[in-house]
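*Asks:* Input: one structure, supplied below.
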Amino acid sequence: MRRKDREVTNIIEILQIIEKAKVLHLALFDADYPYIVPLHYGYEYTKGILIFYMHCAKEGHKLDLIRSNPNVCIEVESDVELISGGDVACKYGASFASVIGRGRAELTENVQEKIRGLSLFMKNQTGHEFNINEEMASTVEVIKVVISEFTAKSRSKA
């Protein structure tokens, strides 16, 4: 990381960034060009590994890309706000907090894991616990992204 003064290494602070952000940008390989899609998500952190869960329709371009190449990159950001530079354009900036990670995506087949992923998804997005059953889980595809390599960065407004 070039700007070490902005690096966030405390895992509690990193998890706070992830908790606060509600949209994850999932980057996939699509032949000659990257393909990036914004998705709502749920997550968990265990033993140094971040696991994100997203849901989508049972068919589509991103699913085809995951099946073709499961290597992915994710990005989330929060607290984005313009910092004014007044009358000088080059003095403008932004405050922010972000996490970027690399890992692998898989389509979750196990029903109990799908239910767990959807439960984490709803908890992260709404702050509430929901009872997800097998019938509900069967109507969507659940994407599981395991991130073992990640960095975080923050710039405060002050």
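The values are calculated or read from the model by the stated rules, or taken from the named source; none is laboratory data. In this text the structure is predicted, and so the values were computed from the model without any measurement. Cβ: placed from backbone, ideal geometry, glycine included. Neighbour counts: every protein chain shown. Accessible surface is based on the protein model in full, side chains and every heavy atom, while ligands, DNA and RNA are left aside. Shrake-Rupley method; radii C 1.70, N 1.55, O 1.52, S 1.80 Å.
Residue by residue, here is whether (1) over 25 Å from Lys47 (Cα atoms); (2) of a type in the set (S, T, N, Q); (3) surrounded by fewer than 14 Cβ atoms within 10 Å (Cβ to Cβ) holds:
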position	(1), (2), (3)
Ala97	no, no, no
Ile100	no, no, no
Glu109	no, no, yes
Arg116	no, no, no
Glu134	yes, no, yes
Ser138	yes, yes, yes
Phe150	no, no, no
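*Asks:* Kindly list, by first and then second residue, each pair from a residue in the stretch 61-78 that is under 28 Å from Gln16 (Cβ atoms) to a residue that is open to solvent by 30 Å² or more (accessible area, probe 1.4 Å) and not in a strand (DSSP E or B), limited to pairs with Cβ atoms under 9 Å and residues at least 6 apart or on different chains.
*Replies:* Val76/Lys20; Val76/Lys22; Ser78/Gln16; Ser78/Glu19; Ser78/Lys20; Ser78/Lys22
*Asks:* Still on this model: From (1) surrounded by fewer than 18 Cβ atoms within 10 Å (Cβ to Cβ); (2) in a strand (DSSP E or B), pick out the condition that doesn't hold for Leu63.
*Replies:* Result: Leu63 fails condition (2) only.
*Asks:* So, one more: Would you pick out the residues in the stretch 123-132 that are surrounded by fewer than 18 Cβ atoms within 10 Å (Cβ to Cβ) and either assigned to a helix (DSSP H, G or I) or aromatic (Phe, Trp, Tyr) (or both)?
*Replies:* Within the stretch 123-132, Lys123, Gln125, Thr126, Phe130 meet the criteria.
*Asks:* Restricting to the stretch 67-82, what's the tally of residues that are surrounded by fewer than 14 Cβ atoms within 10 Å (Cβ to Cβ) and assigned to a strand (DSSP E or B)?
*Replies:* The number of residues fulfilling the criteria is 4.
*Asks:* Moving on to the next point. Wholly within the stretch 1-54, which strands (runs of 3 or more DSSP E) include no fewer than the required count, namely at least 2 residues that are under 22 Å from Arg155 (Cβ atoms) and free of Cβ contacts under 8 Å to residues at least 60 places away in the same chain?
*Replies:* It comes to 23-30.
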